[in-house]
1. Quick one: what are the phi-derived ³J(HN,Hα) couplings along segment 42-50, Karplus 6.51/-1.76/1.60 with θ = phi - 60°, whole Hz, x for glycine and proline?
2. So what is the 222 nm mean residue ellipticity for the chain from helices alone, if each DSSP H run of at least 4 adds -39500 (n - 2.57) and you divide by all residues, rounding to the nearest 500 deg cm²/dmol?
3. Looking at segment 39-151 only, what percent of DSSP beta bridges run antiparallel? Nearest 5 please.
4. Could you size up the charge dipole of the chain around its Cα centre, putting +1 on the beta carbon of Lys and Arg and -1 on that of Asp and Glu, and report it in debye to the nearest 20?
5. What percentages make up the Cα-Cα pair-distance distribution of segment 233-342 when the bins are 5 Å wide from 0?
6. If you put +1 on each Lys and Arg Cβ and -1 on each Asp and Glu Cβ, how big is the dipole of segment 1-151 around its Cα centre, in Debye rounded to 20?
7. My understanding is that a pair violates if its Cα-Cα distance is over 22 Å; which of Lys79/Lys217; Lys62/Lys154; Lys154/Lys244; Lys41/Lys62; Lys154/Lys292; Lys41/Lys292 do that in this structure?
8. Considering only His102, Leu73, Ala130, whose Cα is most displaced toward the positive end of the charge dipole of segment 60-134, charges sitting on Cβ of Lys, Arg (+1) and Asp, Glu (-1)?
Amino acid sequence: MREPSFWYPARRGSTPLAARLLSPAGFLYGLAGRVRRANTKPERAAVPVICIGNITAGGTGKTPLALTLAERLIARGEKVHFLTRGYGGREVGPIRVDPAHHGAEDVGDEPLLLAAAAPTWVAANRPEGAAAAVRGGAGLILMDDGFQNPSLAKDFSILVVDAATGLGNGRLIPAGPLRENMADALSRANALVLTGRGHAGDGIAARARARGTPVFKAIVRPSAPSDFGEGPYLAFAGIGRPEKFFTTLREMSVELADTVSFPDHHVFRESDALRLLVRARELGARLVTTEKDAARFTHAPAASARARLAAAAAVLPVRALVGDIDGLMAQISDAVARARRR
């Protein structure tokens, strides 16, 4: 879905009418989450569990951070398996993602990206997913999302916040972008990572530091130098913050003839693919998109417009570059060691 504009008002401190009218529903949403967490006894996995989540709906750079941490952990000899819900897919699981046979309609787009880096499990029931991962050889489970899910005990939880947008209007869904109250989230976070540039996340960073929670800064950047050749390009994206992708391309000096935004996790139809192909031809431009968007073209019929779009579009892979990655990895290593001693 597209985020309502009143979630992130242009003037700081203002409260649009829609947000005020929806605040009672937001209160009930938050109360339901609190009741669920209070009445759920988390199950503990047989291996350490590291969770990377966010407090807001929408893109914060959570998946690029998960991929970065997985690469570091694997380099240290850890048998990392990802565990995720698989938003947008029809599989309930537990099921191990097989990119050769599964498409985004089966398991969601993010699990396909994760599966390229490490074994990945999709499971609506997180404890069952963790148990399946352990049976499949996991020595450590890295959860992409699930911060608000109380069913599986976490040994280390990282809260990811977009530094440019912060917590928006500070209200709970549907009145604002928050999945839960900030104080509740910080009480369970072992580390806070601010992604991108900006000062909208300074308030939550100050609150985290006051609690003794370490704060790290990161930027999402291409994982390797990319040469797309001469432009111009038509860039398109259906992610939480499409403009962040377009800004990254501009910072790489990629000439953009036009940009097209879609809602997060958008399922591309034939009409969407045709529109993009025709528009690129009109502009005399090449196409470029994100890894997440490209994953949604997996297994498109060979004669379809989506398959032609997949063949024509350049793909920009990204990872999160953490300023003090050694400090964050030290925190994670300590948590993993404590979990294994227990």
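The values are calculated or read from the model by the stated rules, or taken from the named source; none is laboratory data. Since this is a predicted model, take the numbers as computed values, not measurements. Ideal geometry is used to build each Cβ from the backbone, glycine not excepted, and the neighbour counts take in all protein chains shown. These area figures cover heavy atoms from the full protein model, side chains too; ligands, DNA and RNA do not enter into them. Shrake-Rupley method; radii C 1.70, N 1.55, O 1.52, S 1.80 Å.
1. x, 8, 9, 6, 7, 10, x, 10, 10
2. -11000 deg cm²/dmol
3. 15
4. 1160
5. Once binned at 5 Å, the Cα pair distances of segment 233-342 give 2, 11, 19, 19, 13, 8, 6, 7, 6, 5, 2, 1, 0.
6. 720
7. From the list (Lys79/Lys217; Lys62/Lys154; Lys154/Lys244; Lys41/Lys62; Lys154/Lys292; Lys41/Lys292), the Cα-Cα distance tops 22 Å for Lys79/Lys217; Lys154/Lys244; Lys41/Lys62; Lys154/Lys292; Lys41/Lys292.
8. Working it through, the farthest residue towards the positive pole turns out to be Leu73.
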